[in-house]
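Report on the structure given below.
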Amino acid sequence: MTKMNVSLPGLEMKNPVMPASGCFGFGKEYSEFYDLSTLGAICVKAVSPMMKRGNPTPRVAETPGGMLNAIGLQNPGLEHVLANELPWLERFDVPVIVNIAGNTIEEYMHVAREVSKAPNVKAVELNISCPNVKEGGIAFGTDPNIAKELTERVKDVSGVPVYVKLSPNVTDIVSVARAVEDGGADGLSMINTLLGMRLDLQTGKPVLANETGGLSGSAIKPVAVRMIYTVSQEVGIPIIGMGGVTNADDALELILAGASAVAIGTQNFVDPFACPSIIKDLELKLEHYHVETISELSGRSWRPSLQPLTTR
Amino acid sequence: MTKMNVSLPGLEMKNPVMPASGCFGFGKEYSEFYDLSTLGAICVKAVSPMMKRGNPTPRVAETPGGMLNAIGLQNPGLEHVLANELPWLERFDVPVIVNIAGNTIEEYMHVAREVSKAPNVKAVELNISCPNVKEGGIAFGTDPNIAKELTERVKDVSGVPVYVKLSPNVTDIVSVARAVEDGGADGLSMINTLLGMRLDLQTGKPVLANETGGLSGSAIKPVAVRMIYTVSQEVGIPIIGMGGVTNADDALELILAGASAVAIGTQNFVDPFACPSIIKDLELKLEHYHVETISELSGRSWRPSLQPLTTR
Amino acid sequence: MKKVEKMTVVSHRSIAKNIYECSLSGELVELMARPGQFVHLRVSDNTIPTLRRPISICSVDHQKNAFTMVYRVEGIGTHALSQKRTGDQVDVLGPLGHGFPISGLKEKSHCLLTGGGIGVPPLYELAKQLTKQGHSVATVLGFRSKEDVFYEAEFSELGATYVATEDGTLGERGFVTDVIATNRLSGDRYYACGPRPMLRAIENNMTIPGFLSLEERMGCGVGACLACVCDVKNEEGYRKVCSDGPVFKAGEVVI
Amino acid sequence: MKKVEKMTVVSHRSIAKNIYECSLSGELVELMARPGQFVHLRVSDNTIPTLRRPISICSVDHQKNAFTMVYRVEGIGTHALSQKRTGDQVDVLGPLGHGFPISGLKEKSHCLLTGGGIGVPPLYELAKQLTKQGHSVATVLGFRSKEDVFYEAEFSELGATYVATEDGTLGERGFVTDVIATNRLSGDRYYACGPRPMLRAIENNMTIPGFLSLEERMGCGVGACLACVCDVKNEEGYRKVCSDGPVFKAGEVVI
Ligand SMILES: Cc1cc2nc3c(=O)[nH]c(=O)nc-3n(C[C@H](O)[C@H](O)[C@H](O)COP(=O)(O)OP(=O)(O)OC[C@H]3O[C@@H](n4cnc5c(N)ncnc54)[C@H](O)[C@@H]3O)c2cc1C
Ligand SMILES: Cc1cc2nc3c(=O)[nH]c(=O)nc-3n(C[C@H](O)[C@H](O)[C@H](O)COP(=O)(O)OP(=O)(O)OC[C@H]3O[C@@H](n4cnc5c(N)ncnc54)[C@H](O)[C@@H]3O)c2cc1C
Ligand SMILES: Cc1cc2nc3c(=O)[nH]c(=O)nc-3n(C[C@H](O)[C@H](O)[C@H](O)COP(=O)(O)O)c2cc1C
Ligand SMILES: Cc1cc2nc3c(=O)[nH]c(=O)nc-3n(C[C@H](O)[C@H](O)[C@H](O)COP(=O)(O)O)c2cc1C
Ligand code: FES
Ligand code: FES
């Protein structure tokens, strides 16, 4: 399995595949399908200081090649997560990344400080890009200065490396990425969902109770590839890539674009075995293409003196 | 046919459906499939002052539920369009919208001034959002102040109403829309393509010679709906909606979101009869729902006191 | 460990307007014990449609290793499902959720089953299991119109069966609640599945204990995505329709 | 007026590794006159895949109102096509483009046809029409390996036929240009269809007049989107492969 090993700040991963935040709860449900220790890492649902009720239903709607969600960051709150969810995950041999949502810099700091004390939490991921909450969230993701300040302040208090999850709903994602790197981020996660919407023709109204939602799934993969390709050439920190990965080819595409690891979101809903299947298929692909280690492939699309992969 | 009539600045349309710029050439090819006089309007390929060679091939790639293009605004240039394409279109009883691409404000002005003299040109559409040209284009679409100035200056010289085609690749499309309205725009067109990319796994390189391209097709419809829904509530000028329309239901969705007319892009490639089919089906839908005129439906999704459409 | 299986279509036919009855065979059938559970179906092998579709288990045949679903063609997902022919495979995740509880009834109880439209199917396996245990059932089925009616004969074999149609083209004109009132139907317990307004009316009108099966738009179907939550009455918490439901005790959650 | 038609699959079979031969019948066949034209196929009724797929017309049977295509399964589009069974329908736009010119040849001319891989199919209708008009043909077919070879027998019936495989598992080892050189093949005119490197080599090596059929990624297939352009040699302009081609006179465009 050493072909598949990936080392990122805080994360010694058996393979480059993890579930994406919000698409895997805190692991319990999918642990009924397979052993979570087979995963490269686990990124859990966004945690906020206090319990959050989220948005009214309907919270999901389908779109061509994708889906919209407006869960609204529902979660049981920091205390419950510390007391129940994180300890439960200790039974697995897998690093945990805690996705953090806050309305103020202080809220992010508070959650980061506390969760980073848990023994199995190896990194935090700052969700500065959730399109489904009215306050906070998205503003942090669209203003490079605020994003930088947030990163700096969280870095001050976090006991583990800090990844920042970027929003694709911006004019210039490179400037946000650079600002966050300047702020001391250890890595980037990208992309979060695109802002989208669906109407019900008969009622004339939005399908989602929240009106707009976040677009995920294969429809957004070309946007993810473009952004990872561009940002990875401009920053020195690693990228956890996500957006529309449905199989090992898609995962490979994000890695070639510049990601060092890949997170799987929507596809878990389509196939509960999505993560372990992709891990298995990725390993076969490395053999097929005679690649020594998966890390060699990261950013291969923009590296000079590129030779096609050969199957001989 | 009066149910289907739509009146927009400069455009008296038999119905709200037109082909989108760049997806219909200057009409000749599709005139071999049906009578172009059945269309609500025709929006022709971007015209620049001088002939443009465009990008190297491959210029298109497919993505889940959509496609990428990087044509690069190839066109025969103003003079040729004035001498050949526009006069040829006079044989049809249909208003023509000329899409304009420029590198400088003066270039946009020059083309607008000249094409608006052609008798069948009833409006111009300023493409300030093409993601496939390195200079100009996209900067106009991302900076509200420049967008406003461009609009003002073109309005000064254009003999016909001016529509501005917005880019979806921005943090805040409302501020660009408002700026353009302040600048005197008669209408908006939205959305242009999302920036995207695909890699070839074997070579490791981008599939498109231009590397990145514009994402169109059904994959982007939720983004179009969201932007039209938001912008139409903030401006007083009409919107020509586009992005992922494949059938009459999709067209209706964009209209309910706030569009007054709808343009069909990628779907022309899938079905050369896309425009006339959608026109026919839209009319049937109006009957089905007992709607008096299509204009009533524009923006219905956000209007207060909304009653579901009834089929009785 | 939970599983996903490509099950095989063993029969598939239209039984009313836009209503299909489809039987699938495979190993997952062994796990199908409780009436009122559902399966989550993948109907395409690309991403159109992207999500799975939840469909109730209508009846189970452990001898034949097959279960039957009855569904209405609504949109692209159920349309794609309706195109499957005998011998084709369907990707099935399930059985999911907690079904209708049938324990806690005293011997030879009488149960009132009420189903509206595509809420009818899960009641069929329920009726079979209840009668098998020696209880008696009366069933009220509500549909829009005559052409929409299905499974009237099947339920009649198991107990008194009343049909209500909104336009009166079959059975009594009106809603299921009208039929219940007119015929003064009651019993030791009720079970209901159907559209929210129907469930609300029933919950309000009935005075005996009961169980309601809810529908909600779903993502994962297994409790991980929080798409399908509903609020708990008189309390802070929430329930997930997919994994805590789809059946809830009347009065437990806000409908 | 140009048309689109749902044509019916009348036969469909695998003839080599990943290579299928499919015949479709319908009214559009009446319009199929020129060898080397292509059809643009829609293989799904949703948007995966979104675009049509260009496939050459391999032979036309006006009696049976059917035409035949031969294609290789490459990606999702051709895979979806390969799933069509006899009696199924395929949405066909075409015939498109300008095919191989067969006029302007003096009586009983000798023509050299060269095809590489999936460039072979359009040459078959060409060979049929040329021989029918009294000309003679020699054909050179290039493939990667023995398992990829198809239509050798069919071409042999119409004239001398040479096969080259890159690994030498059938016919002569090497490229089509090697076969042409070794056997000193020539004639009054040549026609070629295949991958760009092959077309380039042929254009450079041949001294007789010839015609080349090009492939390019397409959007519309009818000349409207400018996806498929190629540059004209020694001149400012450009050509569209779909509507000005796919066949160009050797030397006309930059390959
Ligand atoms: C627990 C449960 C059991 C069900 N059992 C049955 C059954 O036995 N027979 C039957 O005919 N139908 C049943 N339904 C409803 C069925 O799931 C929907 O009719 C179906 O998902 C519609 O999919 P579509 O692609 O045809 O429609 P579309 O409108 O294209 O679906 C779009 C999206 O909305 C969702 N959706 C649409 N309608 C519903 C709905 N009523 N409930 C939940 N999600 C919906 C779809 O799953 C999909 O994600 C059940 C629903 C649930 C939640
Ligand atoms: C004029 C013309 C005639 C052709 N005739 C034949 C034929 O007779 N038999 C045959 O097997 N193939 C032929 N091809 C090639 C055929 O079009 C491609 O193999 C096919 O489009 C691949 O589609 P896919 O979905 O299987 O592959 P994918 O790789 O999934 O396709 C992705 C996209 O790239 C395009 N694409 C991929 N390969 C090619 C290619 N070589 N040329 C053009 N577009 C491509 C597809 O059309 C699609 O838009 C022809 C191409 C052209 C342009
Ligand atoms: C139902 C759902 C819930 C999500 N919740 C979160 C969240 O809590 N925090 C977060 O950072 N991203 C969240 N996301 C975004 C995903 O982590 C991921 O960035 C996005 O879905 C793109 O990946 P995909 O196309 O593979 O789904 C959520 C996505 C979905 C579909
Ligand atoms: C091949 C192609 C060429 C295009 N060329 C132009 C153009 O010249 N000017 C322009 O404003 N938009 C151009 N567009 C964008 C379309 O007009 C339209 O805004 C976009 O494709 C979204 O609509 P769709 O999803 O219906 O295709 C082009 C799109 C495609 C696919
Ligand atoms: S559908 Fe995901 S939690 Fe219920
Ligand atoms: S494919 Fe559109 S111009 Fe050739």
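Residues that are part of a strand (DSSP E or B) and among the hydrophobic types (A, V, I, L, M, F, W, C) within segment B:61-75 comprise B:Ala61, B:Met67, B:Leu68, listed in sequence order.
Return the residue satisfying two criteria in turn: it lies in segment B:245-279 and is away from ligand 4 (no atom under 12 Å from the Cβ) and among the β-branched types (Val, Ile, Thr), and of such residues it is nearest to B:Phe33 (Cα to Cα). That would be B:Ile279. Based on this model, can you work out whether C:Arg72 counts as surrounded by fewer than 24 Cβ atoms within 10 Å (Cβ to Cβ), at pLDDT below 95, of a type in the set (D, E, K, R) and under 15 Å from the mean Cα position of the chain (by Cα)? Considered against the rule, which asks whether it is surrounded by fewer than 24 Cβ atoms within 10 Å (Cβ to Cβ), at pLDDT below 95, of a type in the set (D, E, K, R) and under 15 Å from the mean Cα position of the chain (by Cα), C:Arg72 comes out as no. Of all residues in segment D:166-185, which are loosely packed, with under 14 Cβ neighbours inside 10 Å and farther than 19 Å from D:Ile118 by Cα? Hits for segment D:166-185 are D:Ala181, D:Thr182, D:Asn183, D:Arg184. The residue that is farthest from A:Gly214 (Cα to Cα), counting only those in segment A:16-30 that are assigned to a loop (DSSP other than H, G, I, E, B) and in contact with a helix residue (DSSP H, G or I) (Cβ under 9 Å, 6 or more places away or on another chain), is A:Pro16. Within segment A:63-93, the set of residues being of a type in the set (Gly, Ala, Ser) and within 28 Å of C:Arg217 (Cβ to Cβ) comprises A:Gly65, A:Gly66, A:Ala70, A:Gly72, A:Gly77.
Every condition in (1) more than 14 Å from chain B (Cβ to nearest Cβ); (2) touching a residue at least 40 places away in the same chain (Cβ under 8 Å); (3) buried (at least 20 other Cβ atoms within 10 Å of the Cβ); (4) over 17 Å from the mean Cα position of the chain (by Cα) holds for A:Thr63 except the one numbered (1).
Residue count for segment A:77-106, restricted to those that are assigned to a loop (DSSP other than H, G, I, E, B) and either more than 14 Å from A:Phe26 (Cβ to Cβ) or modelled with pLDDT under 95 (or both): 6.
For residues that are within 8 Å of chain A (Cβ to nearest Cβ) and at pLDDT below 95, tally how many sit in segment C:237-249. Qualifying residue count, segment C:237-249: 1. Taken over segment C:1-57, residues that are part of a loop (DSSP other than H, G, I, E, B) and basic (Lys, Arg) amount to 5. Within segment D:101-146, the set of residues being among the aromatic types (Phe, Trp, Tyr) and over 17 Å from D:Met69 (Cβ atoms) comprises just one member, D:Phe143. Looking across segment A:183-198 at every residue that is crowded, with 24+ Cβ neighbours inside 10 Å and among the hydrophobic types (A, V, I, L, M, F, W, C), the one that is farthest from the chain's Cα centre (by Cα) is identified as A:Met197.
Filtered by the rule that a residue be within 13 Å of chain D (Cβ to nearest Cβ) and under 14 Å from the mean Cα position of the chain (by Cα), segment B:244-272 gives B:Gly244, B:Val245, B:Ile264, B:Gly265, B:Thr266, B:Gln267, B:Asn268. Only residues that are touching a residue at least 24 places away in the same chain (Cβ under 8 Å) and buried (at least 17 other Cβ atoms within 10 Å of the Cβ) were counted in segment C:204-219, giving 10. In segment C:44-63, the qualifying residues are those that are surrounded by fewer than 21 Cβ atoms within 10 Å (Cβ to Cβ) and within 14 Å of chain A (Cβ to nearest Cβ), and the one that is nearest to ligand 4 (Cβ to nearest atom) is C:Asn46.
A quick yes/no check of all residues on (1) small (Gly, Ala, Ser); (2) more than 16 Å from ligand 1 (Cβ to nearest atom); (3) closer than 27 Å to B:Val162 by Cα:
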{"position": "B:Val207", "(1), (2), (3)": "no, yes, no"}
{"position": "B:Lys221", "(1), (2), (3)": "no, no, yes"}
{"position": "B:Val225", "(1), (2), (3)": "no, no, yes"}
{"position": "B:Ile237", "(1), (2), (3)": "no, yes, yes"}
{"position": "B:Asp249", "(1), (2), (3)": "no, no, no"}
{"position": "B:Gly258", "(1), (2), (3)": "yes, yes, yes"}
{"position": "B:Ile264", "(1), (2), (3)": "no, yes, yes"}
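Applying the condition of being small (Gly, Ala, Ser) and more than 12 Å from chain B (Cβ to nearest Cβ) to segment A:165-221 and asking which residue is farthest from ligand 4 (Cβ to nearest atom) yields A:Gly184.
Within the option set A:Val160, A:Val180, being surrounded by 21 or more Cβ atoms within 10 Å (Cβ to Cβ) and not in a helix (DSSP H, G or I) holds for one residue only, A:Val160.
Within segment A:199-248, being assigned to a loop (DSSP other than H, G, I, E, B), crowded, with 24+ Cβ neighbours inside 10 Å and small (Gly, Ala, Ser) holds for A:Gly217, A:Gly243, A:Gly244. Among the helices (runs of 4 or more DSSP H) confined to segment D:150-223, the ones with at least 2 residues that are in contact with a helix residue (DSSP H, G or I) (Cβ under 9 Å, 6 or more places away or on another chain) and under 30 Å from B:Glu62 (Cβ atoms) are located at D:196-205. Only residues that are in contact (Cβ under 8 Å) with a residue 40 or more places away in the chain and surrounded by fewer than 20 Cβ atoms within 10 Å (Cβ to Cβ) were counted in segment D:22-31, giving 3.
The residue list C:Val176, C:Val232, C:Val222, C:Val137 contains one member that is within 13 Å of another protein chain (Cβ to nearest Cβ) and either farther than 30 Å from A:Phe26 by Cα or modelled with pLDDT under 95 (or both), which is C:Val232. Of all residues in segment A:11-45, which are among the aliphatic types (A, V, I, L, M), away from ligand 5 (no atom under 15 Å from the Cβ) and out of contact with any Cys (no Cβ under 7 Å at 6 or more places or on another chain)? Residues satisfying the conditions are A:Leu11, A:Met13, A:Leu36, A:Ala41, A:Ile42.
Checking the stated criteria, B:Phe33 turns out not to satisfy the condition of being in a loop (DSSP other than H, G, I, E, B) and under 17 Å from the mean Cα position of the chain (by Cα).
Could you please let me know if C:Gly94 is touching a residue at least 40 places away in the same chain (Cβ under 8 Å), more than 25 Å from C:Ser25 (Cα to Cα) and surrounded by 20 or more Cβ atoms within 10 Å (Cβ to Cβ)? Answer is no for this residue.
Restricting attention to segment B:36-60 and to residues that are assigned to a loop (DSSP other than H, G, I, E, B) and small (Gly, Ala, Ser), the residue that is farthest from the other protein chains (Cβ to nearest Cβ) turns out to be B:Gly40.
All told, A:Gly72 falls short of being in contact (Cβ under 8 Å) with a residue 40 or more places away in the chain and within 14 Å of chain B (Cβ to nearest Cβ).
The values are calculated or read from the model by the stated rules, or taken from the named source; none is laboratory data. All values derive from a computational prediction rather than experimental measurement. Quick reminder, even Gly has a Cβ in these numbers, built from the backbone with ideal geometry, and neighbours come from all protein chains shown.
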